[in-house]
Amino acid sequence: NAGVTQTPKFRVLKTGQSMTLLCAQDMNHEYMYWYRQDPGMGLRLIHYSVGEGTTAKGEVPDGYNVSRLKKQNFLLGLESAAPSQTSVYFCATRARGWDAQYFGPGTRLTVL
Amino acid sequence: SQELEQSPQSLIVQEGKNLTINCTSSKTLYGLYWYKQKYGEGLIFLMMLQKGGEEKSHEKITAKLDEKKQQSSLHITASQPSHAGIYLCGADSPGGTSYGKLTFGQGTILTVHP
């Protein structure tokens, strides 16, 4: 039972390159979330999904796209990376009803 | 929108000392969650509070939600170096709706000196 896993753990990109971050969960949770964490800014919600095939914008969606083709996977894409997207990215999941969000270990992304 | 303010922003204590971290909301809290984060790692869920006056404990950590449901505190008894990290509070949206999205405080950095 792995919980929430994120791939990759670290990545360095050059400005303009693209990449996809993968979040996978084995908890059968409906809701999934992508956050970024920056010093002094706290956790900010990028996009979220309330079920397979659905996505919605969070607080800071610009420059990112997401997809949830399978219930267990939530992908975060950067089409043209910018230095402002240097951050630590966390995925989280949550069951319906009263429950906590459960977080993955994070992906540290640097854009040069 | 709901805002959560944590205090203090950082805390340095000697091993064995007790400490308290506070989380104050601008609106009534419908679900309050405490997390711990070690540097470079993900957030670990500690405890969830829902009812006014509720109190939960796990090992040496006790979390409380006040009767008015606008403030929560996290108390650590006899702190140890293993307690060091960043503590964050998160809250459900007012009314408990909004697809499980949480608003987070800025975090409190705890350092415990041996």
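Could you name every one of the strands (runs of 3 or more DSSP E) located completely within the stretch B:1-49 that has at least 2 residues being under 21 Å from A:Tyr35 (Cβ atoms) and more than 11 Å from the chain's Cα centre (by Cα)? Spell out the reasoning first.
Working: elements: B:4-7, B:10-14, B:19-25, B:32-37, B:43-49.
Strands (runs of 3 or more DSSP E) meeting the threshold: B:43-49.
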Given (1) within 13 Å of the chain's Cα centre (by Cα); (2) crowded, with 18+ Cβ neighbours inside 10 Å, B:Ser79 misses just (1)
May I ask you to list pairs of residues, at least six apart or on different chains, whose Cβ atoms are under 7 Å apart, with the first in the stretch A:49-61 being outside any loop (DSSP other than H, G, I, E, B) and the second being open to solvent by 50 Å² or more (accessible area, probe 1.4 Å)?
A:Ser49/A:Thr55
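Residue-wise test of (1) in contact with a Gly (Cβ under 9 Å, 6 or more places away or on another chain); (2) closer than 20 Å to A:Ser80 by Cα.
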position	(1), (2)
A:Arg11	no, yes
A:Thr15	no, yes
A:Ala24	yes, no
A:Arg36	no, yes
A:Gly40	no, no
A:Gly53	no, no
A:Glu59	no, yes
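Let's see how each residue does on (1) of a type in the set (Phe, Trp, Tyr); (2) within 23 Å of B:Ser10 (Cβ to Cβ); (3) loosely packed, with under 13 Cβ neighbours inside 10 Å:
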position: B:Leu29; (1), (2), (3): no, no, no
position: B:Leu32; (1), (2), (3): no, yes, no
position: B:Lys36; (1), (2), (3): no, yes, no
position: B:Gly42; (1), (2), (3): no, yes, no
position: B:Leu46; (1), (2), (3): no, yes, no
position: B:Gln50; (1), (2), (3): no, no, no
position: B:Gly53; (1), (2), (3): no, no, yes
position: B:Thr62; (1), (2), (3): no, yes, no
position: B:Glu67; (1), (2), (3): no, no, yes
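Out of all the residues in the stretch B:96-108, is one or more surrounded by 15 or more Cβ atoms within 10 Å (Cβ to Cβ) and β-branched (Val, Ile, Thr)?
Taking the stretch B:96-108 and keeping what is surrounded by 15 or more Cβ atoms within 10 Å (Cβ to Cβ), we get B:99-108.
Those still in the list that are β-branched (Val, Ile, Thr) too: B:103, B:108.
Yes, the conditions are met somewhere in the stretch B:96-108.
Results for (1) within 14 Å of chain B (Cβ to nearest Cβ); (2) among the aliphatic types (A, V, I, L, M); (3) within 12 Å of the chain's Cα centre (by Cα), shown as yes or no for each residue.
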site: A:Ser18; (1), (2), (3): no, no, no
site: A:Met27; (1), (2), (3): yes, yes, no
site: A:Thr54; (1), (2), (3): yes, no, no
site: A:Asn65; (1), (2), (3): no, no, yes
site: A:Ser84; (1), (2), (3): no, no, no
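Kindly provide the set of residues from the stretch A:64-91 that are touching a strand residue (DSSP E or B) at 6+ places or on another chain (Cβ under 7 Å), open to solvent by 50 Å² or more (accessible area, probe 1.4 Å) and assigned to a loop (DSSP other than H, G, I, E, B), ordered by number. Talk me through it step by step, then tell me what you get.
Taking the stretch A:64-91 first, the residues touching a strand residue (DSSP E or B) at 6+ places or on another chain (Cβ under 7 Å) are A:64-68, A:72-79, A:81-83, A:85-91.
Applying the additional criterion that residues be open to solvent by 50 Å² or more (accessible area, probe 1.4 Å) yields A:65, A:72, A:75, A:79, A:83, A:86.
Across the stretch A:64-91, the qualifying residues are A:Gln72, A:Glu79, A:Thr86.
The values are calculated or read from the model by the stated rules, or taken from the named source; none is laboratory data. Predicted model only: the values in this text are computed from it and were never measured. Here the Cβ is made from the backbone with ideal geometry for all residues, glycine too, and neighbour counts use every protein chain on show. Remember, those area values only see protein heavy atoms, side chains included, never the ligands or the DNA or RNA. Shrake-Rupley method; radii C 1.70, N 1.55, O 1.52, S 1.80 Å.
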